[in-house]
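Written below as structure tokens is the structure these notes are about.
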Amino acid sequence: MIINKIILLLFILYLSPVSSQEYKTLEGHRGNVNSISYSPDSKFIASADENGVIIFWEAESYTRIYSLETTSNVTCVNYSTDGYFAYTTYDGYVTIMKANNREIVQNFRKDGNCYYVSYSGSGKKFALAYVKEASKDEREKGLSKIFYLDIYGVPGYEKIKTLKLTKPGDSDGSLFGSKLFETYRADFFNCEFSTSGDYIASGNLGKSIPIYSFEYSKFVPPYKGHSEKVNFVTFSQDGKFLASAGKDETIKIWDIISAKSIKTLKGHTNEVNFASFSPDSRYLASAGNDETVKIWDVKTTNLIVTLSCCKF
């Protein structure tokens, strides 16, 4: 997903009290910043842009320490908990490196557009979200593109499962048809493991949130409640909640045990593209097309602060 400096600010908030008004802007990218990730020890930040540049920053001083030049739009960067760093490109490349010295340990390509990588909390599973053009038979069924999640075991990165997320007859309806898939952003979808690693959820596949159970080796009933497309999903670190950001200008917080939406956060004036819990799961940050980042108190649902792009 295309994001900009305002999302960098969202993650920098993790290093400071929510009430602090002294913000830093990390400058150095030459185009839209698509992804950002903290190292597990919070010492480093990696950010990536549409021009293929990945920048590694020292988190405490916000200084640039290393740049990696690739040849394609970098769509996602992410760290594992056990020493790996992965990134994907729009033209289908997946690269996994050792985080400490950036030595490449895996490099492969998918026949499609790669958008997102995610590690389970234990670091033992690795998920890749990508989109392929529909086959002739699939096009005859009204499908234009197919969404996939490939699941790999770590550290060998041998594929253990492929989840096909697009199917004919989906009740959301708006998922299918060529008009939806004309832009880079419309194709984007993310995937996130639950804290335990027992489930994986996906966003931007219609109004419902598909969730796969590794324990039962099947999809559980999807989370339903948004009135328009879900753009992004993320789990809280305490393992209690899932947050979803929607085109309907809302963020929903779901209880993992009951699988029910327990809170709806309203305040954005355009679709919400992104959400992220603080490490202690007390706060939720959201970012939308209204060019704001909003910080919410998860327990009370109170809006704490709105950060506008005009500050930059």
For the stretch 171-186, indicate whether the set of residues that are at pLDDT 55 or above and either in contact with a Lys or Arg (Cβ under 9 Å, 6 or more places away or on another chain) or under 22 Å from Asn73 (Cβ atoms) (or both) is non-empty.
-> yes
If the Cβ limit is 7 Å and pairs must be 6+ apart or interchain, which residue in the stretch 76-105 that is over 15 Å from Pro155 (Cβ atoms) pairs with which residue that is acidic (Asp, Glu)?
-> Gly92/Asp111
Restricting the stretch 188-242 to residues that are free of Cβ contacts under 8 Å to residues at least 40 places away in the same chain and charged (D, E, K, R), which is nearest to Thr166 (Cα to Cα)?
-> Lys207
Of the conditions (1) in contact (Cβ under 8 Å) with a residue 60 or more places away in the chain; (2) over 24 Å from Pro40 (Cα atoms), Val298 fails just one. Which one is it?
-> (2)
Residues located in the stretch 298-308, provided they are loosely packed, with under 14 Cβ neighbours inside 10 Å and under 22 Å from the mean Cα position of the chain (by Cα) = Thr306, Ser308
Could you count how many residues in the stretch 47-69 are without any contact (Cβ under 8 Å) to a residue 24 or more places away in the chain, more than 20 Å from the chain's Cα centre (by Cα) and part of a loop (DSSP other than H, G, I, E, B)?
-> 1
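Given the options Val117, Val94, name the one that is part of a strand (DSSP E or B) and either among the hydroxyl-bearing types (Ser, Thr, Tyr) or under 22 Å from Thr195 (Cβ atoms) (or both).
Residue meeting the stated conditions: Val117.
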Within the stretch 146-167, count every residue that is closer than 12 Å to Lys125 by Cβ, β-branched (Val, Ile, Thr) and surrounded by fewer than 16 Cβ atoms within 10 Å (Cβ to Cβ).
-> 1
All positions within the stretch 40-87 that are touching a Phe, Trp or Tyr at 6+ places or on another chain (Cβ under 9 Å), surrounded by 17 or more Cβ atoms within 10 Å (Cβ to Cβ) and within 15 Å of Leu26 (Cβ to Cβ) | Phe44, Ile45, Ala46, Ser47, Ala48, Ile54, Ile55, Phe56, Trp57, Ala59, Val77
Kindly provide the set of residues from the stretch 235-254 that are crowded, with 20+ Cβ neighbours inside 10 Å, over 20 Å from Thr269 (Cβ atoms) and not hydrophobic (A, V, I, L, M, F, W, C), ordered by number.
-> Ser236
Report the residue count in the stretch 146-160 for those that are in contact (Cβ under 8 Å) with a residue 40 or more places away in the chain and among the β-branched types (Val, Ile, Thr).
-> 2
Name the residues in the stretch 193-204 that are in a loop (DSSP other than H, G, I, E, B), surrounded by fewer than 22 Cβ atoms within 10 Å (Cβ to Cβ) and touching a strand residue (DSSP E or B) at 6+ places or on another chain (Cβ under 8 Å), would you?
-> Ser194, Thr195, Gly197, Asp198
Of all the strands (runs of 3 or more DSSP E) wholly in the stretch 229-312, which have at least 3 residues that are touching a Gly at 6+ places or on another chain (Cβ under 6 Å)?
-> 230-235
Test: residue in the stretch 147-162 that is in a strand (DSSP E or B), modelled with pLDDT under 85 and of a type outside the set (Phe, Trp, Tyr) = no
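The values are calculated or read from the model by the stated rules, or taken from the named source; none is laboratory data. Keep in mind it's a predicted model, so treat the numbers as computed, not measured. Please note: Cβ atoms are built from the backbone with ideal geometry, for glycine as well, and neighbour counts cover all protein chains shown.
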